[in-house]
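Have a look at the structure below before the remarks.
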Amino acid sequence: MELSGAEILWECLTREGVEVVFGYPGGANMPIYDAMLMYPVHHVLVRHEQGAAHMADGYARASGRVGVAMATSGPGATNLVTGIATAMMDSSPVVFITGQVAAHLIGGDAFQETDVTGITLPITKHNYLVTRADEIAEVVREAFYIARSGRPGPVLIDICKNAQIEKTEFVYPEEVRLPGYQPPSHAPKADLQKAVELIGRAKRPVILCGHGVVMSGAEEVLQHFAVKTHTPVTSTLLGLGAFPASHPLSLGMMGMHGEAHCNLAIQNADLLLAFGMRFDDRVTGTLTTYAPGAKKVHIEIDPSEVHKNVKVDLPLVGDLKTVLTDLVPLVDEYEHDDWLDQIAGWKAEGEARSIMAWPDDGKLYVSHLIHDLWSATGGGAIVTTDVGQHQMWTAQYYALDKPNRWITSGGAGTMGFGLPSAIGAWFAHPDDEIWTVAGDGGFQMTAAELSTAVQEGANVKIAIMNNNFLGMVRQWQEFFFEKRYSGVNMTTPDFVKLAEAHGVPARLVTAPEEVQEAIAWARNTPGPVVIEFKVEKEEAVYPMVPAGAALDQMLRRPVRS
Amino acid sequence: MQYTFIALVENKPGVLNRVASLFRRRNFNIESLAVGRTEKPEVSRMTIVTDCANDVDAHKIEANLYKLVNVIDVQDVSRQPSVTRDLALIKVRATAEQRAEVNNLAAIFRARIVDVAPDSVIVEATGTEDKIEGMVELLRPIGIIEMVRTGQVAMTRGEHSGIRRTAGANGWREVELEEIGV
Ligand SMILES: Cc1ncc(C[n+]2csc(CCOP(=O)(O)OP(=O)(O)O)c2C)c(N)n1
């Protein structure tokens, strides 16, 4: 059957199971938008293409499926760039589809022509420039396969306008042929045996649980492994939720704003089992002093991550779930009570310093109200965040027991991610409770998507932590620039009125005693809701490993007497 | 130390750009890069010469090359028995009287004179990098007007193949950990 390129695109998208796309139309993708009307796909009209990228990303992370975002050529496509880089850094499977000027105009600086495949080459897992209609079916098939397999990541398809219009025979490719792309699955037997030996010799082992655990669906087998070998588990920012926070072997988050006992455990370990994580500088501190006494075993699907930052003793390249499933029957049962006691001692010391131990002093602390949110929702909500102090406090105090419910921009640290990713997550799980926690700065970066939330009736609860500062930068200026505040003071709009102008019910909370009631009100109000919390202006996130310091050289919260 | 890689890549538009962009982005240094067709029309072959501190760096280059969807196979032939060749065209200032001298030098290096003009000649030389360097040094005093070199191409001898360090990659064979320097 002869179909236009645009129709072929939609045929292929529906065959991939795509039910929702996030996008924005323009001159170079109008044939795609026209053909869309014939297909059972829901289109979400965003207010800025960056929003579309983050929504598709949030959808992908919440659903475990491939998200789709669309834009026109030129400025439409370049507006996606921040969102593409965000998805790339966090290995999120998103397919981006951009319109491009007609093939015969390429290279001539035509109206809204931009070299989008050139711009996105280093921030995509792969990308395509499509100049003919008969390439589309194969390219779309490949793009989805590449996006979701191996180490997932964003794939961009730039489709020339003539290719959207031309008619050609539609043949759906039955299989993907990519001779240069064969993601690994099992690790070699001999290496598994070496891992078994290292695990057998360890007295102070620690599991580092990364985003790869979530991506490969290894959370169950990870639990078997941890319990069988009696090994405590600490998570990266993106690994949170992959191992239940309520599990006795769970330590919590490691790294720059990780819990002190986690960082101390890593630095004192004799074996690190790094599962689907990449030793980012935010979790290692200075490399020269990182876990000096530990043998390091790295299970990782991307061979280029092996020895990249930390030279490991034993790399096992493969799919984490597959490798762990192979490994669990080979390891013996162990008991590490002494080690766990030692860690518990560090933990108790940390708890004495914790802000959670402070009595109510009438001030509104983000950490306290995140804890209240956690209590009110039974820890069961899908939580997305923006980037900054509130993100770290949410990571620390919204303790998660399940994967795919914690959505935050880790590798890129993209402000503006919170609200759109929550809207995307809502499309994945419309019946679940969804909260986004944002700072006053980051919220304003993509606040226009409030209007999208209203148009779609997205049931997302928006908590804005207003400290009238770019809090995280202010904290660095306080600690490392002798409190010379520069460019961090922010006048904010009346967020309640802003929300109401969009038709979103909203409330202002200024005191601790109003918190629980406001959260309850938000939960009982259908559709999008905004709560603006006027929080302590100059609070700091603790602990903190200063840039360039060893992981256990943390700035700790002073003990309050 | 100089490392030489052979990469088989899909013969598609933009692949060279992907490889070059990768080297730039990861801050690896390309000494020379030669691309050409192979016995299979759908496959191109690159010989990439780079400067790496050690085998761990070489592993990084290999592993990152594999991340490119269009890269089919990568081998490190730096320390394997192999034939490596570079081709140079060197235009030398030479009057009628100097031609004999250039001719003699060329003969020593089994190079050929492929063009003669009233006051210059073009010498074509093929060989290892060292050999060509050696000849260039001797021609320099006579007067080199311009020079072009293809960069190295390489092929392993007989049944030998290069080292593939990247676990999990295509065509990977198990190598002992000691071999990759850990
Ligand atoms: C797009 C972007 N620009 C700049 C930054 C640098 N940055 C990191 S955190 C931060 C402050 C965020 O302030 P706010 O949104 O108010 O949140 P808070 O830290 O106060 O919780 C800034 C500017 C960033 N991460 N992303």
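The values are calculated or read from the model by the stated rules, or taken from the named source; none is laboratory data. Treat the numbers as computed from the prediction; the structure is a model and nothing was measured. Cβ atoms come from the backbone with ideal geometry, glycine included; neighbour counts cover every protein chain shown.
Numbers for the structure displayed
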{"quantity": "Test: residue in the range A:43-63 that is within 25 Å of A:E175 (Cβ to Cβ), touching a Phe, Trp or Tyr at 6+ places or on another chain (Cβ under 6 Å) and either assigned to a loop (DSSP other than H, G, I, E, B) or touching a residue at least 24 places away in the same chain (Cβ under 8 Å) (or both)", "calculated": "no"}
{"quantity": "Residue that is free of Cβ contacts under 8 Å to residues at least 60 places away in the same chain, away from every other protein chain (no Cβ under 14 Å) and in a loop (DSSP other than H, G, I, E, B), where the choices are A:V176, A:V171", "calculated": "A:V171"}
{"quantity": "Residue match in the range A:261-272 (condition: within 16 Å of A:V310 (Cα to Cα), modelled with pLDDT of 95 or more and under 21 Å from the mean Cα position of the chain (by Cα))", "calculated": "no"}
{"quantity": "Single residue of A:A190, A:A163 found to be part of a helix (DSSP H, G or I) and within 13 Å of chain B (Cβ to nearest Cβ)", "calculated": "A:A190"}
{"quantity": "Qualifying residue in the range A:140-157 (condition: more than 14 Å from chain B (Cβ to nearest Cβ), at pLDDT 95 or above and closer than 20 Å to B:G14 by Cα)", "calculated": "yes"}
{"quantity": "Only one of B:S82, B:S78 that is touching a residue at least 60 places away in the same chain (Cβ under 8 Å), touching a helix residue (DSSP H, G or I) at 6+ places or on another chain (Cβ under 9 Å) and under 26 Å from B:Q152 (Cα atoms)", "calculated": "B:S78"}
{"quantity": "Any chance A:S409 is buried (at least 18 other Cβ atoms within 10 Å of the Cβ), part of a loop (DSSP other than H, G, I, E, B), touching a strand residue (DSSP E or B) at 6+ places or on another chain (Cβ under 9 Å) and of a type in the set (S, T, Y)", "calculated": "yes"}
{"quantity": "Tally, over the range A:384-406, of residues that are within 11 Å of A:G241 (Cα to Cα) and not hydroxyl-bearing (S, T, Y)", "calculated": "9"}
{"quantity": "Count of the range A:377-395 residues which are assigned to a loop (DSSP other than H, G, I, E, B), more than 9 Å from the ligand (Cβ to nearest atom) and closer than 20 Å to A:M256 by Cβ", "calculated": "0"}
{"quantity": "Complete set of residues in the range B:144-158 that are surrounded by 13 or more Cβ atoms within 10 Å (Cβ to Cβ) and assigned to a loop (DSSP other than H, G, I, E, B)", "calculated": "B:T150, B:G151, B:Q152"}
{"quantity": "Evaluation of A:V323 against (1) without any contact (Cβ under 8 Å) to a residue 12 or more places away in the chain; (2) more than 26 Å from A:E514 (Cα to Cα) (one fails), failing number", "calculated": "(1)"}
{"quantity": "Residue ranges of helices (runs of 4 or more DSSP H) in the range A:447-512 with at least 1 members in contact (Cβ under 8 Å) with a residue 60 or more places away in the chain", "calculated": "A:449-456, A:471-480"}
{"quantity": "Single unsatisfied condition, B:V15 versus (1) closer than 16 Å to A:G180 by Cβ; (2) within 14 Å of another protein chain (Cβ to nearest Cβ); (3) within 15 Å of the chain's Cα centre (by Cα); (4) free of Cβ contacts under 8 Å to residues at least 60 places away in the same chain", "calculated": "(3)"}
{"quantity": "The range A:194-219, residues that are assigned to a loop (DSSP other than H, G, I, E, B) and closer than 16 Å to A:S149 by Cβ", "calculated": "A:G217, A:A218"}
{"quantity": "Residue count, the range A:254-295 (criterion: within 14 Å of chain B (Cβ to nearest Cβ), closer than 24 Å to A:M544 by Cα and surrounded by fewer than 21 Cβ atoms within 10 Å (Cβ to Cβ))", "calculated": "1"}
{"quantity": "Selection from the range A:223-245 of residues that are under 20 Å from the mean Cα position of the chain (by Cα) and not in a strand (DSSP E or B)", "calculated": "A:T236, A:L237, A:L238, A:G239, A:L240, A:G241, A:A242, A:F243, A:P244, A:A245"}
{"quantity": "The range A:96-128 - residue that is at negative phi and without any contact (Cβ under 8 Å) to a residue 24 or more places away in the chain and, of those, farthest from the other protein chains (Cβ to nearest Cβ)", "calculated": "A:A110"}
{"quantity": "Given (1) touching a strand residue (DSSP E or B) at 6+ places or on another chain (Cβ under 9 Å); (2) over 23 Å from A:H48 (Cα atoms), index of the condition A:I464 fails", "calculated": "(2)"}
{"quantity": "Selected residue (criterion: farthest from the chain's Cα centre (by Cα)) from residues of the range A:297-322 that are more than 9 Å from every other protein chain (Cβ to nearest Cβ) and of a type in the set (A, V, I, L, M, F, W, C)", "calculated": "A:V297"}
{"quantity": "Considering residues of the range A:427-445 that are more than 10 Å from the ligand (Cβ to nearest atom) and either in contact (Cβ under 8 Å) with a residue 60 or more places away in the chain or in a strand (DSSP E or B) (or both) only, the residue farthest from the other protein chains (Cβ to nearest Cβ)", "calculated": "A:E433"}
{"quantity": "The range A:91-114, residues that are closer than 14 Å to A:L156 by Cα and not in a loop (DSSP other than H, G, I, E, B)", "calculated": "A:V94, A:V95, A:F96, A:I97, A:T98, A:G99, A:Q100"}
{"quantity": "Filtered residues of the range A:470-480 (kept if surrounded by fewer than 24 Cβ atoms within 10 Å (Cβ to Cβ) and within 7 Å of the ligand (Cβ to nearest atom))", "calculated": "A:L470, A:M472, A:V473"}
{"quantity": "Of the criteria (1) under 24 Å from A:A62 (Cα atoms); (2) more than 14 Å from every other protein chain (Cβ to nearest Cβ); (3) surrounded by 24 or more Cβ atoms within 10 Å (Cβ to Cβ), which one A:A245 fails", "calculated": "(3)"}
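Here is a yes/no grid of residues against (1) crowded, with 16+ Cβ neighbours inside 10 Å; (2) at pLDDT 95 or above; (3) over 27 Å from A:H371 (Cα atoms); (4) within 16 Å of the ligand (Cβ to nearest atom):
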site: A:E456; (1), (2), (3), (4): yes, yes, yes, no
site: A:I464; (1), (2), (3), (4): yes, yes, no, yes
site: A:N468; (1), (2), (3), (4): yes, yes, no, yes
site: A:E482; (1), (2), (3), (4): no, yes, yes, no
